[in-house]
Amino acid sequence: MPERISFEDQITKNKLKSALLMAIIIIFFIVVGYVISQIFDPSYFFIIMIISTIFSLSYTLISYYNSDKIALASVRAKPASQTQHRLFYHAAESMALASGLPMPRLYVMDSPEINAFASGRDPKHAVICMTTGSLEKLNKQELEGVIAHEMSHIANFDIRFMTLTAILIGLISIIAELFLRSLWFSNNNERGGRAQAVFLILGIILSILAPIAVRLVALAISRKREYLADATGAKFTRYPQGLANALKKIKHEHISRREMHAFNHAVGALCISDPFKKLSGLFATHPSVDERIRRLERM
């Protein structure tokens, strides 16, 4: 029989791994900044940094403060009804009590797929959206497991964490883009020498590869936050099998391509399960469903 694992250990490990992956992105940012600063005049590099910061912060923070509205509008979600969706309300109230969080605003989107997502910049502005398929196909324990998973994203401030990740990725991408474009208009021969040539080559290589590398790291962070939400959800319900059974139902669903279009790709990353079910491995926003079920069943 497989050795039992503690959800507390899973929570701690996944938080540490998320922090480590975030540190890798920060290191990429420092290295790219250092190399480019060695190629250009410091004042010119300072201008690049200011422009990159303004663009990245503006775009990301606007999205952050309106994340719930944007996500709900993109899937045409409607407020849940306390009479029509009574089980949804009861399960959410139970999980709010178990987690010690404020009751989130509840929404329902029209889709036969079993899925759900949470959004909002903090627990006071949080929303949980369930598909009609989830409300029709999940029993009480499974529904509570899914809601506990989404409440865990709220409790762990995952929207805030991923927003910080997006800001850093945006900064690296914009800096790299500005650097590559500036090479067409600048003349670096006056600072010549072998060291300058080495930094120039390094700068070009990093500017091409760093944005790709940090996006892969960000996807790894996303997968770790899903494991973290599974473990935290198990802590809230004290019944990991509920979420495991919901994931089994998700795994065996057969959804048409037309029905998948109810989600856009930005919201797909927020969902409990990737609604497109296309990417795997390094390019996946979610870990393997089989592995998630295995871990939950060992808790």
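The values are calculated or read from the model by the stated rules, or taken from the named source; none is laboratory data. A quick note: this is a predicted structure, and the numbers were derived from the prediction, not measured. Don't worry about glycine lacking a Cβ; one is built from the backbone with ideal geometry, like all the others, and counts go over all protein chains shown.
Some notes on this structure:
- Qualifying residue in segment 156-171 (condition: surrounded by fewer than 17 Cβ atoms within 10 Å (Cβ to Cβ), at pLDDT 90 or above and at positive phi): no
- Any chance S207 is hydroxyl-bearing (S, T, Y), assigned to a helix (DSSP H, G or I), buried (at least 19 other Cβ atoms within 10 Å of the Cβ) and modelled with pLDDT of 85 or more: no
- Wholly within segment 55-171, strands (runs of 3 or more DSSP E) carrying at least 1 residues that are touching a Gly at 6+ places or on another chain (Cβ under 7 Å): 127-131
- Residue ID - surrounded by the most Cβ atoms within 10 Å (Cβ to Cβ), chosen from residues in segment 210-232 that are β-branched (V, I, T) and closer than 20 Å to T163 by Cβ: V214
- Annotation for segment 78-90: no member residue is under 22 Å from the mean Cα position of the chain (by Cα) and surrounded by 16 or more Cβ atoms within 10 Å (Cβ to Cβ).
- Residue match in segment 177-195 (condition: under 20 Å from the mean Cα position of the chain (by Cα) and in contact (Cβ under 8 Å) with a residue 12 or more places away in the chain): no
- Residue match in segment 134-143 (condition: surrounded by fewer than 22 Cβ atoms within 10 Å (Cβ to Cβ) and closer than 20 Å to P79 by Cβ): yes
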